[in-house]
Amino acid sequence: MTNTDKLTSIDPRLADRRQIDALLAIVARLRDPEYGCAWDLKQTFASILPYTLEEAYEVAESIELDDMLELREELGDLLYQVAIYARMAEEQGHFDFADVIESIAEKMIRRHPHVFGDATFASEEEARASWEAIKAAERRSKGERHHISALEGVAQALPALVRAEKLQKRAAHVGFDWEALDGVIEKVREELHECEEAVANGDSFNARVHEIGDLLFSCVNLARHLNVDAEQALRAANHRFEKRFHRVEVCLRAAGLSPSAEHRERMERLWETVKSEER
């Protein structure tokens, strides 16, 4: 009997809710074939995945809003995702929650030889290079192929902006990168010009998708060279747009109007006013 199986006999209402054992007991009870919750029992790894992604983004939002109470709650929701994945894996005989903890603990110790070992680094850049080298060795150890791409292991399921940045960083790590910022900026201009040409030439929809993709990829590259996280930058821009547009709507309602094409010029003037007020 595993530790988690033993926890099924613990009443989580009586357990110390500040301890991980209480959460594991709750998850075990929810997944109990006889006494559990019908919804939790029918869940699979695939069915829970969308909720996991949603919870991760809600964690990000609470951080961006600097809302610590909300962050506490969202981190709990995300931790629940980990616990139920581990429980389902345990039920299928793959691994349990303790194995998950052991895996990440070993990985962090292995990737920080300067903290948990005798290695010394002269700079943050050297420490980062060591981190990447250790990760590359880990990837090689997981496969039997002798020639593994430098881009290996960048998850397909990542948001496109995040994945683009990771791919670029991997390529840069092996020397495939712009030497100066000027080249990156010129590349953005070049890709924008190609988008303009695609419109002027009446190119096909697929061709326009191709050009827009190249433009976005080059913008991510520019953000990387400016040490800006492209995903966070776009999320911040989304928040600014929402905030400004809501303010425009408030101003329109105060004048007895609502957003519509017929009030476009007025909305644009209000938009500029809102932006100037922010400055």
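In segment 23-136, counting only helices (runs of 4 or more DSSP H) that sit wholly within it, the ones holding 1 or more residues that are touching a Lys or Arg at 6+ places or on another chain (Cβ under 7 Å), in contact (Cβ under 8 Å) with a residue 12 or more places away in the chain and under 30 Å from Ala236 (Cα atoms) span 45-64.
Filtering Glu196, Glu277 for residues that are at pLDDT 95 or above and in a helix (DSSP H, G or I) leaves a single hit, Glu196. What do you reckon, is Asn227 more than 30 Å from Glu54 (Cβ to Cβ) and surrounded by fewer than 16 Cβ atoms within 10 Å (Cβ to Cβ)? Taking the combined requirement at face value, the residue does not satisfy it.
In segment 189-224, the residue that is least open to solvent (accessible area, probe 1.4 Å) out of those that are basic (Lys, Arg) and more than 17 Å from Ala164 (Cβ to Cβ) is Arg208.
The values are calculated or read from the model by the stated rules, or taken from the named source; none is laboratory data. In this text the structure is predicted, and so the values were computed from the model without any measurement. Using ideal geometry, Cβ is built from the backbone for each residue, glycine included, and neighbour counts are taken over all protein chains shown. Protein only, heavy atoms only, side chains kept; ligands, DNA and RNA dropped before computing areas. Shrake-Rupley method; radii C 1.70, N 1.55, O 1.52, S 1.80 Å.
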